[in-house]
Amino acid sequence: MEGKRSVRMCCLCNERRASLNRPKTLEQICRECFYLAFEDEIHQIIVSNRLFIRGDRVAIGASGGKDSTVLAYVLSKLNRIHDYGLHLFLLSVDEGITGYRDDSLETVHRNQIQYGLPLKVVSYKDLYGWTMDEIVKLIGLKNNCTFCGVFRRQALDRGAAFLKADKLVTGHNADDIAETVLLNILRGDIARLSRCSSIITGEDGPIPRCKPFKYTYEKEIVMYAYFKKLDYFSTECIYSPNAYRGFAREFIKDLERIRPRAILDIIKSGENFRISTTTKMPEQGTCERCGYISSQKWCKACVLLDGLNRGLPKLGIGRSRVAIGCKEENESHGGKSIESKQCGSLDF
Amino acid sequence: MACNGAGGCQSGCYKDEETTCDQPTTAPSETDSKSSSNLCIKCKLNDVVSGYGGIDDGRFCADCFRSNLFGKFRLAVTSNAMISPTDKVLVAFSGGPSSRVALQFVHDLQERAHKNFEASRDRSLPVFGVGVVFIDESSVLSIPSHEMEEAVEVINLIVSSLAPPRKELHFVPIETVYSSDSSDGKERLIELMNVVSDPTGREDMLLSLRMVALQKVASEFGYNRIVLGSCISRIASHVISATVKGQGYSLPADIQYVDARWEIPVVLPLRDCFAQEINMYCRLDSLKTIKLSTCPSSSINSLVSSFVTLLQEENPSRESTIVRTAGKLIPFHFNRIPEIIDGNVPLATRRRQKRYNLKSNESVSSESFCPLCNSPLDKSEIVDWSNHNNCRSSDTFYTSCCSSCQFQILPSDSTSMEKFYTDLPHSMVARANKVNNDKLNALREQIQDCLLSDGEDET
């Protein structure tokens, strides 16, 4: 450095001006080095975890939000530069939420054109006969995330089957997975705790799912999208304000401020948890009604749907002492347990 | 040691009362708008006490509340064979509510045993001994000296009031960890702590040193058990903060009833009690506690404990869910009292202990430990020593520590690391060397019969 410069140089290439602090490492780097580091790290994750094999048909879960847009962009770029030999598709779910999903779907349609990837849209209305708007009208704003999450999982699997996909990728990032690890500890869900930090899940189910962004910070995804001026839709779902996940999210934001690497440390802890074999874990079977994988007689989607169709919206919510498929409503475990029932209990 | 007393008596409806007579204490009528009197669900005779939060709030009367809390303590002690009649138990006392209650309950147990002893004709069952230790951390935490003097007075009063049987009280400054090495322990300690810049690292380093001090006092004065007052609330915070620091592998080691990694096993008899209950107990019985003023903390530990407090307020069973979930992780082989072979210990105690020890046979049998915090190392942290032959001992020390200590405590450059290493208390350094020597010795034993001559070029 000659003389007194008020301008910092990128600490990686030392050629260009530093224009940002990298959230993960706090290095002061230029944009180009950031893009390179970002893309290369994801490439290394894909390779070292052997997420794909040549010729795989890969469905990218695309909501139009920043994670899935950046995922589609980066994956198609890496597919090209590193010649993965993958056939990529965009797969989108229309939950039927006016003023939210219809806008984000437009974004996905634009992505289809921008990235040159074929698009398939599956809707709750077609699959289940209900839109989220209709469901919320019936059950209100408590437990609506449970319905949406359960339905979405099946919807993605069905869409992927339609596309004859070998794998499904989603844009879940490090912040999401850290939140989920914490949530599962708080909720006492030991079964999910053992699975949620894996980069590939559902290998014994209809279609394996991968999360290439498992070690990627949400902040970096936002930064990438911002600098690259990628087209995405950035509003919170209008039905989500009461989600329990919000507690964990706030906490993680505070944590990130004190120690950025804590997010990855949570994931590391999740990977290192060893569950006692004497703990009772649910056994995997198939749903009697629709054949989907399920640990109970009926899969959760069928239970919820049954409840909706019979005007018993609380069926399948909370802990039940009654066999699924019977007429009685579930008991509540004290008033509090239903109110604080977690939404966003995304099955991985 | 002390529970951090989060979520204490919230409505503040409780007045301190002298419990000279067995009067049931009643909740003030203005909070009881629903019914004129809520009867205790256990004895159905007296009115409930309430307002302290927690899942049992408003269910028990004062007497049943007390016996319920003591019952949890006693169950933990007996099912884990924590205290046998021939033991000498050291209670780690910080002055906070949890360690106060732990001390009280240990005393109650001892008093009971003493009465039985006096009453029995043959005096066959001895009474276990109890000592109390207070670790003075004022050289590191900058506590005003008048506060410390007051605290010492109060503690002296408390311990002398808990007799008979008489209890030895030890006041020990934290720099005692250096006492066998040198006379400038305090300076070395301050220098050591100054190298640690991360606030969480400082707190955790102090915790490690505190345990070293406790172990030292215990072995010096012939105690064979250390009692910590850690309650559910404290353990729930630890579960989250260990998760957040990437210590998912070693987490189960710190949260069980028994931790026998150390030379003197550490037991947690209040592990099933909530901070809210403990605070209530102190109020009911007017147990004096002390709280030393320390600087506000910006560490991860304090962020986590505020988070857990928040969750507990939102749902009173949250802390127990957290601890129950973590309880489903596999504990380590050292999480039980080592089998008692001493013939002097009554057969009944030995049998009971054997029965309760059976469950952990699925745990792994051998672990490597971080020399700084003594947590078991996971696979990625275990070092292949064949690549590290000619390193400085300070670098060797660095490599043998867990990744969490490496990040938040140890300095990253070699020169500062060297300085840090020389400032470490000898016992920690010895721990690191012992581990390596033990490994070599174990290997050597296996091939001993094939070795030709002694004194090879070993380090």
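All of B:ARG234, B:ARG271, B:ARG324 fail the test of being in a loop (DSSP other than H, G, I, E, B) and either buried (at least 19 other Cβ atoms within 10 Å of the Cβ) or within 11 Å of another protein chain (Cβ to nearest Cβ) (or both), apart from B:ARG271.
Taken over segment B:368-419, the residue count meeting the criterion of being closer than 26 Å to B:ASN194 by Cα, away from every other protein chain (no Cβ under 14 Å) and small (Gly, Ala, Ser) is 5. Here is a check on your reading of the model: is B:LEU284 more than 9 Å from every other protein chain (Cβ to nearest Cβ) and modelled with pLDDT of 95 or more? So B:LEU284 does not fit the description; no. Scanning segment A:263-282 for residues that are in contact (Cβ under 8 Å) with a residue 60 or more places away in the chain and either under 18 Å from B:ILE330 (Cα atoms) or facing chain B (nearest Cβ under 7 Å) (or both) gives A:ILE266, A:SER269, A:GLY270, A:GLU271, A:PHE273, A:ILE275, A:THR279, A:MET281.
When residues in segment B:51-69 are screened for being at pLDDT below 85 and under 17 Å from B:PRO97 (Cα atoms), 3 of them pass.
When each of A:TYR232, A:TYR226 is tested for being more than 9 Å from chain B (Cβ to nearest Cβ), over 17 Å from B:VAL244 (Cβ atoms) and in contact (Cβ under 8 Å) with a residue 12 or more places away in the chain, the lone residue that passes is A:TYR232. Scanning segment B:249-268 for residues that are assigned to a loop (DSSP other than H, G, I, E, B), of a type in the set (A, V, I, L, M) and within 14 Å of chain A (Cβ to nearest Cβ) gives a single hit, B:ILE255. If the condition is being β-branched (Val, Ile, Thr) and closer than 26 Å to B:ARG318 by Cα, then segment A:170-229 contributes A:ILE177, A:THR180, A:VAL181, A:ILE185, A:ILE190. Applying the criterion of being charged (D, E, K, R), within 12 Å of chain B (Cβ to nearest Cβ) and not in a loop (DSSP other than H, G, I, E, B) to the residues of segment A:180-222, the residue that is nearest to A:ARG249 (Cα to Cα) is A:ARG187. No other residue among B:GLU175, B:GLU203 is within 23 Å of the chain's Cα centre (by Cα) and either assigned to a loop (DSSP other than H, G, I, E, B) or within 14 Å of chain A (Cβ to nearest Cβ) (or both) apart from B:GLU203. Inspection of segment B:138-150 finds no residue satisfying the criterion of being more than 23 Å from B:LYS186 (Cα to Cα), within 26 Å of the chain's Cα centre (by Cα) and hydroxyl-bearing (Ser, Thr, Tyr).
Here is a check on your reading of the model: is A:TYR226 farther than 21 Å from A:ILE46 by Cβ, surrounded by fewer than 18 Cβ atoms within 10 Å (Cβ to Cβ) and hydroxyl-bearing (Ser, Thr, Tyr)? Considered against the rule, which asks whether it is farther than 21 Å from A:ILE46 by Cβ, surrounded by fewer than 18 Cβ atoms within 10 Å (Cβ to Cβ) and hydroxyl-bearing (Ser, Thr, Tyr), A:TYR226 comes out as yes.
Of the residues B:ASN301, B:ASN224, which single one is more than 14 Å from every other protein chain (Cβ to nearest Cβ) and either surrounded by 24 or more Cβ atoms within 10 Å (Cβ to Cβ) or polar (S, T, N, Q) (or both)? Going through B:ASN301, B:ASN224 in turn, the sole match is B:ASN224.
One line per residue, one yes/no per condition, for (1) within 18 Å of B:LEU268 (Cβ to Cβ); (2) of a type in the set (Lys, Arg); (3) not in a helix (DSSP H, G or I):
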{"residue": "B:ARG59", "(1), (2), (3)": "no, yes, yes"}
{"residue": "B:LEU75", "(1), (2), (3)": "yes, no, no"}
{"residue": "B:ASP108", "(1), (2), (3)": "yes, no, no"}
{"residue": "B:GLU118", "(1), (2), (3)": "no, no, no"}
{"residue": "B:ARG123", "(1), (2), (3)": "no, yes, yes"}
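The values are calculated or read from the model by the stated rules, or taken from the named source; none is laboratory data. None of the values given here were measured: they were computed from a predicted structure. Neighbour counts run over all protein chains shown; Cβ positions are idealised from the backbone, glycine included.
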